[in-house]
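Report on the following structure.
The values are calculated or read from the model by the stated rules, or taken from the named source; none is laboratory data. Quick caveat: nothing in here was measured; it's all calculated off a predicted structure. Glycine also receives a Cβ, built like all others from the backbone with ideal geometry; neighbour counts cover every protein chain displayed. Surface areas here come from the heavy atoms of the whole protein model, side chains and all, with no ligands, DNA or RNA. Shrake-Rupley method; radii C 1.70, N 1.55, O 1.52, S 1.80 Å.
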Number of protein chains: 4
Amino acid sequence: MPTDTDRLSALPRPQPRKKKLSREEKAQLTLRNLLEAAAAIVGEHGYAATTIANVTREAGVAHGTFYNYFEDRQALFDVLLPYVGERMTDYITASLAGVGGGLEREVARFRAYCGYLRVNPGFYRILYEAEVFAPKAFDAHIERLTEGYVRAFRRAIAAGDCYEMGDEELRAIAGILLGARAYVAMQFKDTGVIPETAIAAYESLMKQGLFKAK
Amino acid sequence: MPTDTDRLSALPRPQPRKKKLSREEKAQLTLRNLLEAAAAIVGEHGYAATTIANVTREAGVAHGTFYNYFEDRQALFDVLLPYVGERMTDYITASLAGVGGGLEREVARFRAYCGYLRVNPGFYRILYEAEVFAPKAFDAHIERLTEGYVRAFRRAIAAGDCYEMGDEELRAIAGILLGARAYVAMQFKDTGVIPETAIAAYESLMKQGLFKAK
Amino acid sequence: MPTDTDRLSALPRPQPRKKKLSREEKAQLTLRNLLEAAAAIVGEHGYAATTIANVTREAGVAHGTFYNYFEDRQALFDVLLPYVGERMTDYITASLAGVGGGLEREVARFRAYCGYLRVNPGFYRILYEAEVFAPKAFDAHIERLTEGYVRAFRRAIAAGDCYEMGDEELRAIAGILLGARAYVAMQFKDTGVIPETAIAAYESLMKQGLFKAK
Amino acid sequence: MPTDTDRLSALPRPQPRKKKLSREEKAQLTLRNLLEAAAAIVGEHGYAATTIANVTREAGVAHGTFYNYFEDRQALFDVLLPYVGERMTDYITASLAGVGGGLEREVARFRAYCGYLRVNPGFYRILYEAEVFAPKAFDAHIERLTEGYVRAFRRAIAAGDCYEMGDEELRAIAGILLGARAYVAMQFKDTGVIPETAIAAYESLMKQGLFKAK
DNA sequence: GATGAATGAGTGTTCATTCAT
DNA sequence: CATGAATGAACACTCATTCAT
């Protein structure tokens, strides 16, 4: 069954200018419609409220068509976070182009994440409910971000911007920063406003810690 | 309907000297049984798998008895996190008795939290799935912890252990620390081992931040 | 079990002026409260919505107390229409005191029925839903009214006011008049207004029939 | 949801010449089966005893299939009386073909109604319990019959067979006749025998009224 | 006789999944 | 491949009735 993540990266490809879509192109379009429908519904109402009937109705296809693209409902859930998660990291990567290193870059990353959430508020539910409804995808997502963080830290250490640490510690730090990000996002999920005080507090913590040396 | 949190705190009451339990005492016991059963099931299998039939079977009462104590399933969910959350904070408070202030105390708090999770692994799911299944209880729990953190920081600032900050920043910091705690817990939820490297990384972050001053 | 109709007629008896009620008086009061509560609930929401819990709550007694007065829910239903039906016929009988005979009296009866319904709108549901929920009581009520009608017709015939008819025909006529009454009541159950055109039409029908002789 | 009455009239459609039923034809057949099953059960045991499980078992379909055709149980109830009511009026209309006008026609109508009930004894419960379980359908049914009556009276008046009356009075008369019909039906619902005395009494009432002019 | 907690059978409704067309 | 009707297991919730206190 064609539910692997691999297939996702080959998905939409800005359609050429032909009018008639080939059979495979139509299939890709249907898959895309299903995923976008699922993203919209999960983002707004959560995984639990995301029924096959809802998704197919939103996607404009027949109920049974769903099962031509996904083994079952869980397969959709397992693939949804990778699908939207990639867009999120792409956005952040793009936002960081040209930004310096060390603290400045980390704060920019934090800010970019907040900005993404403001424009894509549904991403919050897709991500954080995934821990319950698509735990494997959630773990993979976290693992992917953690590894990205570790690489970034390695570069920052090499550049002398960051304190020396071993890989295990770096992974722990990455987890801490991801958690920080998540909870700050949670706090402003209702308002939708980027919380400047939170960003300032985050920056201060990154820069000097919380407690004075004795 | 008797599902308010208030009633919970009045729950067990070391029984008076009668052998036979009075009607009210038996009712309190039944409520306790239902809550403990729910905590066990949610902790192990999550809210979604927590059916009324499961809970009542585990509690040793009839199916319908559930509805003498809770308006509906959601009412149970709404009350479960307060019920177990109070035990968690009590445990941490007790663990901190006699511990000094500032960094040392914060690290001890982090360690105590990890220790509580190791002994009560179910708490993790009860807490973190609550964001999905009992959002109000979740928000209230976070708010309670945040306020506790802000008070602790205020004391640390007064003692000169902690950098000066306004209330808004303190709340942001509290959120960051709660998030850090959550994600570290998540990372070792499967192994159940206290992650000493994570504690060391946490301590280092609290002490000096992550990035060197230029 | 004490649910027979006989007991009803011995019910409340304007209480004497004693302060302390004797045991039996208290029991009679409770029975009365249960019946009035049931009448209020059935009248407003129908038999189907009339649960034991509702009735006892409205009557201000414990749930289990119900079963000291009625064998089961059906026993209450079986006794409710006799209870309120007697009040209705008493009212109509009183309204007819001093009214002449023949057509005039029948029209006054019709009018009195409409008047009773306006003041006791709940009676409509208690009566007409009884066909479904308390069929025996309903049949008995209809039989009682039918017999009353037959006696009245006999008197009218004896007085020369009414065409001659045998008992079977009189019973049929009684049914027709009861049905007419019911449907007219139904038509104005929402408005609550006495429908003068309907009364006029009824009178005309009683007086000359509907179709001209050829 | 396809529960509108409109769809009902389009139901059976003498099947085209295919042997295999098309998908839509099978769906129509399923809907028919559900309605006939419901009519049988409601007619025999009443709405209250009509469970989804009963209906689907009788119709020979799976429990869940019911919800492909009706939003919920109430939607079935709301559509049942229109479904059978149309058959009843068709029968009566057919019975009146060639019958004269005025009194003769009205008596024939009454007789036809009794005849329909004898052959379709379930109709009685479907109709008269509808006041409780499907009040909107009941009101609509009554309104439809009332309008039919008013039209018939208008014709009779034009033909000089019937006393002059305004529309409001005609509606009242229609209600009276419907009520009469209902109560007479009720009186012989158990025996199933057409009550010739009742028909004679009805005719006499229509012809000359009940009370002699003074 | 009053109380109200406990009981459990019964029912409506949902929805993922299948499969004939 | 697309369709959408059929399926049936599951589940939440109700409520009349019982009975120990």
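For this structure, a couple of remarks:
- Inter-copy separations for residue A:192, label at 7 Å along Cα-Cβ, nm, ascending: 4.6, 4.6, 6.9
- Annotation: per residue accessible area for the protein assembly as shown equals 49 Å², rounded to a whole number [probe 1.4 Å, protein chains only].
- For the chain pair A and B, buried accessible area totals roughly 4700 Å², probe 1.4 Å, rounded to the nearest 100.
- Crossing angle, helix D:73-95 versus chain D [Cα axis fit, 0-90 degrees, rounded to tens]: 50
- For chain B, alpha-carbon Rg and Dmax in angstrom: 19.7, 73
- Listed by chain and number, the aspartates and glutamates whose alpha-carbon sits under 19 Å from that of residue B:136, ignoring those within fewer than 8 places in the same chain, are A:44, A:129, A:131, A:190, B:4, B:6, B:71, B:72, B:78, B:86, B:147.
- Taking amide hydrogens as placed 1.01 Å from N in the peptide plane, the amide H of residue B:162 sits under 5 Å from those of A:212, B:157, each at least 5 positions away in sequence or on another chain.
- Rotation relating C and A, chain A residue nearest the axis via C-beta, angstrom: A:49, 15
- For C:131-144, mean number of other protein chain Cβ atoms within 10 Å: 2
- Ellipsoid equivalent to region A:94-214 - semi-axes via the Cα gyration tensor, in Å: 24, 18, 14
- Inter-label distance for residue C:94 and residue B:97, nm, one decimal - labels placed 7 Å from Cα along Cα-to-Cβ: 7.5
- Normalised by the number of residues in chain A, the mean separation of alpha-carbon contacts (under 8 Å, six or more apart) gives a relative contact order of 21 percent.
- Principal-axis analysis of the Cα atoms of chain B puts helix B:102-119 at an angle of about 30° to the longest axis.
- Per residue, the convex hull spanned by the alpha carbons of region B:129-198 comes to 106 Å³.
- Sorted from closest to farthest, the other copies place their residue C:89 label points 3.7, 6.8, 8.6 nm away, with each point set 7 Å from Cα along Cα→Cβ.
- Restriction of the GluC sites (Glu not before Pro) in region C:155-211 to DSSP coil positions whose beta-carbon has at most 14 other beta-carbons within 10 angstrom yields C:164.
- The angle between the Cα long axis of helix D:196-208 and the longest principal axis of the Cα atoms of chain D comes to about 50 degrees, rounded to the nearest 10.
- Label 7 Å beyond Cα on the Cβ vector: residue C:53 copy-to-copy distances, nm: 2.2, 2.2, 2.8
- Residue C:44-residue C:24 FRET efficiency (beta carbon distance; Förster radius 25 Å; 0.05 resolution): 0.25
- Of the residues B:204, A:95, the one with the largest accessible area comes first in the ranking A:95, B:204, computed with a 1.4 Å probe on protein heavy atoms.
- Taking N as its residue count, the alpha carbon Rg of region B:61-163 over 2.2 N^0.38 Å: 1.31
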